[in-house]
Amino acid sequence: MAAAAAAATNLSPLSKNPSPKRPREECGVVGIYGDPEASRLCYLALHALQHRGQEGAGIVSVHGGLLHSVTGVGLVSDVFNESKLAQLPGDSAIGHVRYSTAGASMLKNVQPFVAGYRFGSIGVAHNGNLVNYQSLRAHLEDNGSIFNTSSDTEVVLHLIAISKARPFFLRIVEACEKLEGAYSMVFLTEDKLVAVRDPFGFRPLVMGRRSNGAVVFASETCALDLIEATYEREVYPGEVLVVDKDGVQSLCLMPHPEPKSCIFEHIYFALPNSVVFGRVVAALGYAAKAGVAFQQGLIRSHYVGRTFIEPSQKIRDFGVKLKLSPVRAVLEGKRVVVVDDSIVRGTTSSKIVRLIKEAGAKEVHMRIASPPIIGSCYYGVDTPSSEELISNRMSVEEIREFIGSDSLAFLPLDSLTKLLGSDSPNFCYACFSGKYPVEPTGKVKRVGDSVDDGLIGSIESIDGVWVQGTRVQEGKGDSKQKMEEEKVSL
């Protein structure tokens, strides 16, 4: 959702763009059946999903009974060109953009994966994270399986290979019945495209259709829009969809409890123009709520990659300054409200507060449009360990002091659920509540498992009472009163 901020007579508005150190999401997938330009359409759809993964990309197509694969490390535009796409003939294809939520960031872990077994070949692209991956892998290895990657997705291929179910799609069903956690997957064989979503529906997966009848699956509807496919519906939790020459067959074969869709898809990951879990995101923003003007206080450079080299430890906040340039004319002498989607470790927030104050702002007030994050995610979002989550070990006032803002407030969980209305029971709030729909087993996150330290964005509206920590310094005793007079919702 788009970030927003409030401004009044003496309160500067601020447009804040994504920080150079983002949370890492679980990936994006695409599947296309029945279009002679399948691989090229897949390439375009992956461009639309680039925000979901920037470490690697791949496409697998099928032609003449053979699966053809091109994968690489980097952005979609880095991996593919005309000659690479020419290596992907056929009227069906699957694609993937990747963040490494499981498995190191190496070429061998870039999906889609392709494997051969006694009945042919199969490719798979996976969006999500399996919480029982380690126990499944250990069991498979004890029975002779040899793994080529460190990705949790590879266990799915092994489970399919050892299945004796008939027909083929039942092998996928049997394999998925052994999986625990989050998975939205597309499979490609010599004659079929299969889409599967986990019984809880943690991660999104939608279906659309092009005017020539080609069937398309994607993580978000923005991918459908780009390739002119009409959105039809979500793939339901626990559903297996098989597409072949006979059409689309829906098989709801896995028992599905109450859905637990990831709330962070709305708060951060999905693009504002995507339909996610049946909802169209519309950012109202803090500025609209306050009824005041909105200005751009930070300018983002679009020419800086995700990674960079710091020439010296002494250059403070180099990473933030690479991407965010303060507009001194907007900020100087003003009291600024920054609206962010969340705080993870607090380091990025502290750098941004310092950056704005160094640009001449008199005060910086942070408003976080989600509840405090107190629990790690095990369903595909690369959040740090609980010990590294600042809200898990500090009070709101302690966080405010740590990041250096003049005040800090979070949106309470009950206000978030109020915004979701009758759909609120269908979302997973484990990162805010510590209550997990599927308990993680085996290895849990440890200190250092994630390198991310900031999440940026906003929620569709600001409502309810804020969880607050405020400071009134000497000489600023009238600050709160002034802000109330200026109609700023705290």
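Quick notes on this structure:
- Options G116, G65, G72, G56; residue that is of a type outside the set (V, I, T), buried (at least 19 other Cβ atoms within 10 Å of the Cβ), within 27 Å of I146 (Cα to Cα) and in the same structural domain as D35 (by TED's automatic domain parsing): G56
- Flag for L226 being in the same structural domain as P167 (by TED's automatic domain parsing), surrounded by fewer than 23 Cβ atoms within 10 Å (Cβ to Cβ) and among the aliphatic types (A, V, I, L, M): yes
- Scanning the range 339-367 for residues that are among the hydrophobic types (A, V, I, L, M, F, W, C) and over 18 Å from the mean Cα position of the chain (by Cα) yields V339, I352, V353, L355, I356, A359, A361, V364, M366.
- Residue in the range 164-198 that is surrounded by the fewest Cβ atoms within 10 Å (Cβ to Cβ), counting only those that are of a type in the set (G, A, S) and touching a residue at least 24 places away in the same chain (Cβ under 8 Å): G181
- When residues of the range 245-288 are limited to those that are modelled with pLDDT of 75 or more, of a type in the set (A, V, I, L, M) and outside any loop (DSSP other than H, G, I, E, B), the one farthest from V97 (Cα to Cα): L251
- Helices (runs of 4 or more DSSP H) contained entirely in the range 352-427, each with at least 2 residues that are closer than 30 Å to F200 by Cα: 390-393, 413-420
- Those strands (runs of 3 or more DSSP E) of the range 47-124 in which at least 2 residues are of a type in the set (A, V, I, L, M), in contact with a Ser or Thr (Cβ under 6 Å, 6 or more places away or on another chain) and modelled with pLDDT of 95 or more, considering only elements entirely within it, cover 56-63.
- Flag for I368 being surrounded by 22 or more Cβ atoms within 10 Å (Cβ to Cβ), at pLDDT 85 or above and within 30 Å of E180 (Cα to Cα): no
- Reported count of residues in the range 131-163, each being part of a loop (DSSP other than H, G, I, E, B) and either in contact (Cβ under 8 Å) with a residue 24 or more places away in the chain or within 26 Å of the chain's Cα centre (by Cα) (or both), is 8.
- Scanning the range 28-43 for residues that are crowded, with 24+ Cβ neighbours inside 10 Å and in contact with a Leu (Cβ under 7 Å, 6 or more places away or on another chain) returns G28, V30, G31, I32, Y33, S39, Y43.
- Residues located in the range 220-244, provided they are touching a Gly at 6+ places or on another chain (Cβ under 7 Å), within 22 Å of G380 (Cα to Cα) and assigned to a helix (DSSP H, G or I): none
This table checks each residue for (1) closer than 26 Å to P89 by Cβ; (2) at pLDDT below 95; (3) not aromatic (F, W, Y).
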position	(1), (2), (3)
F168	yes, yes, no
L179	no, yes, yes
M185	yes, no, yes
E190	yes, yes, yes
G201	no, yes, yes
V243	yes, no, yes
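- For N212: the one exception among (1) buried (at least 17 other Cβ atoms within 10 Å of the Cβ); (2) modelled with pLDDT of 90 or more: (1)
- Residues of the range 126-156 that turn out to be surrounded by fewer than 23 Cβ atoms within 10 Å (Cβ to Cβ) and either under 24 Å from V60 (Cα atoms) or not assigned by TED's automatic domain parsing to the domain that holds R203 (or both), as a count: 6
- G346 meets all of the listed conditions (1) modelled with pLDDT of 85 or more; (2) at negative phi but one, namely (2).
- Residue that is farthest from S261 (Cα to Cα), among those in the range 320-336 that are part of a helix (DSSP H, G or I) and in contact (Cβ under 8 Å) with a residue 24 or more places away in the chain: R328
- For the range 337-347, the criterion of a residue being in contact with a Ser or Thr (Cβ under 6 Å, 6 or more places away or on another chain) and either over 24 Å from F427 (Cα atoms) or in a helix (DSSP H, G or I) (or both) is satisfied by no position.
- Among the residues listed as G380, G454, the single one being at pLDDT below 90 and touching a Gly at 6+ places or on another chain (Cβ under 6 Å): G380
- Scanning the range 74-96 for residues that are out of contact with any helix residue (DSSP H, G or I) (no Cβ under 9 Å at 6 or more places or on another chain) and among the hydroxyl-bearing types (S, T, Y) yields one hit, S83.
The values are calculated or read from the model by the stated rules, or taken from the named source; none is laboratory data. Computed from a predicted model, the values in this text were never measured in an experiment. Cβ: placed from backbone, ideal geometry, glycine included. Neighbour counts: every protein chain shown.
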